[in-house]
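Novice: My structure is below; once you've seen it, I'll send some questions.
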Amino acid sequence: MALNADRIDKSVPIPLYFQLKKIILDEIKNGTYPSGSPIPTENELSDIFKISRTTVRQAITELVQEGRLYRIKSKGTFVSKPKINNEDFITKIESFNSQMARRGLTASTEVLDLKVIPADITVAKFLNLSENDQVLFLYRRRFANDEPLVTIKTYLPYSRCQDLINLDFTTISLYAELGKSDDTKIVKIQRQIEAVEADSEDARHLNMKKGKPIHFFTSIGYNLYGQPIEYSLARYRGDRNVFEITVAPE
């Protein structure tokens with residue numbers, strides 16, 4: 001076993017539970033405990049490191065809360081699947097397929113709905129339309145290696161995007177199609193992210209429980225002339241996605 005008592009240093013001011021968290025994460029990273037495998041019990045960890053079960057429990061509880069471990073009643077504590085790092089998603093204009101391909105994952109898309117509807121007051125506001133103007137509504141569920149990760153509801157001004165109604169977006173990139181014309185090519189996106197709880201629709205489409213965390217993105221895409229072309233609402237599973245931003249100093 002890779003774990004040994006010498007890896008906890010009781011002479012330094014770093015809390016013991018924090019040291020244990022790092023040890024467990026290191027062992028997950030180096031493959032000692034792969035995804036889905038159990039870690040030692042609280043009693044075993046307490047005996048190995050000569051620390052209290054309260055200290056061990058604090059470390060394990062925080063790792064569970066952070067999504068790195070999960071518990072199964074009467075069976076133990078197990079290693080979660082690693083989250084998909086959506087690096088620079090917030091600041092880049094990139095298709096979902098390209099994001100997944102860069103991470104060695106196979107992307108796929110299911111179209112849940114595609115139709116023309118009247119714009120409600122919110123959609124009209126963000127697309128600079130009048131209420132009840134026609135918009136193209138595209139609702140997709142997107143997968144990585146056959147696992148559902150995100151649902152996206154997209155609204156587009158029908159007057160500019162009416163040719164898209166007959167396309168198969170299970171295989172076609174929306175951004176690629178919009179990019180065929182300067183009038184609809186997305187060159188800038190304004191995104192807002194907030195944490196929300198999964199609702200019944202999320203539970204059904206993302207294979208998760210109600211109340212679990214969701215990364216909720218609101219996006220407005222603009223064309224070369226500064227006109228809004230896309231209004232999207234994306235709901236990413238909080239247990240399977242992490243978002244990373246790289247910031248350069250001025």
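Novice: Return the residue satisfying two criteria in turn: it lies in the range 104-134 and is among the hydroxyl-bearing types (S, T, Y) and within 21 Å of S173 (Cα to Cα), and of such residues it is most open to solvent (accessible area, probe 1.4 Å).
Specialist: T106
Novice: Here's something else I'd like to know. Please enumerate the residues belonging to the range 34-64 that are open to solvent by less than 20 Å² (accessible area, probe 1.4 Å), in contact (Cβ under 8 Å) with a residue 40 or more places away in the chain and in a helix (DSSP H, G or I).
Specialist: L45, F49, A59, L63
Novice: While we're here: Out of I193, I214, report the one residue that is within 14 Å of the chain's Cα centre (by Cα), open to solvent by 60 Å² or more (accessible area, probe 1.4 Å) and hydrophobic (A, V, I, L, M, F, W, C). Spell out how you get there, then give the answer.
Specialist: Values: I214 fails: open to solvent by 60 Å² or more (accessible area, probe 1.4 Å).
After ruling out the rest, the residue left standing is I193.
Novice: Would you please name the residue that is surrounded by the fewest Cβ atoms within 10 Å (Cβ to Cβ), looking only at residues in the range 162-190 that are in contact with a Leu (Cβ under 7 Å, 6 or more places away or on another chain) and of a type in the set (D, E, K, R)?
Specialist: D182
Novice: List pairs: first residue in the range 1-16 and closer than 21 Å to T41 by Cβ and open to solvent by less than 60 Å² (accessible area, probe 1.4 Å), second residue at pLDDT 85 or above and polar (S, T, N, Q) anywhere in the structure, Cβ distance under 6 angstrom, at least six positions apart or on different chains.
Specialist: A2/T32; I8/Q19; L16/T55
Novice: Among (1) over 24 Å from I189 (Cα atoms); (2) at pLDDT below 90, which single condition is T61 missing?
Specialist: Just one mismatch for T61, condition (2).
Novice: A further question follows. Inspect the range 106-128 for any residue being modelled with pLDDT under 95 and of a type in the set (F, W, Y) and give the result as yes or no.
Specialist: For the range 106-128, residues modelled with pLDDT under 95 and of a type in the set (F, W, Y): absent.
Novice: Could I ask something else about it? For G31, are the conditions met, namely being touching a strand residue (DSSP E or B) at 6+ places or on another chain (Cβ under 7 Å) and either at pLDDT below 90 or of a type in the set (K, R) (or both)?
Specialist: no
Novice: Among the listed residues G67, G31, which satisfies the condition of being of a type outside the set (A, V, I, L, M), surrounded by 12 or more Cβ atoms within 10 Å (Cβ to Cβ), in a loop (DSSP other than H, G, I, E, B) and out of contact with any helix residue (DSSP H, G or I) (no Cβ under 7 Å at 6 or more places or on another chain)?
Specialist: Just a single option satisfies the conditions, and that option is G67.
Novice: Go over the candidates N207, N145, N132, N223 one by one and state the one that is on the phi > 0 side of the Ramachandran plot and over 19 Å from the mean Cα position of the chain (by Cα). Break it down stepwise before answering.
Specialist: Details: N207 fails: over 19 Å from the mean Cα position of the chain (by Cα); N145 fails: over 19 Å from the mean Cα position of the chain (by Cα); N223 fails: on the phi > 0 side of the Ramachandran plot.
Just a single option satisfies the conditions, and that option is N132.
The values are calculated or read from the model by the stated rules, or taken from the named source; none is laboratory data. No experiment lies behind these values; they were computed from the predicted model shown. We place every Cβ from the backbone using ideal geometry, glycine too, and count neighbours over all the protein chains shown. Only protein heavy atoms, including side chains, enter the accessible area calculation; ligands, DNA and RNA are left aside. Shrake-Rupley method; radii C 1.70, N 1.55, O 1.52, S 1.80 Å.
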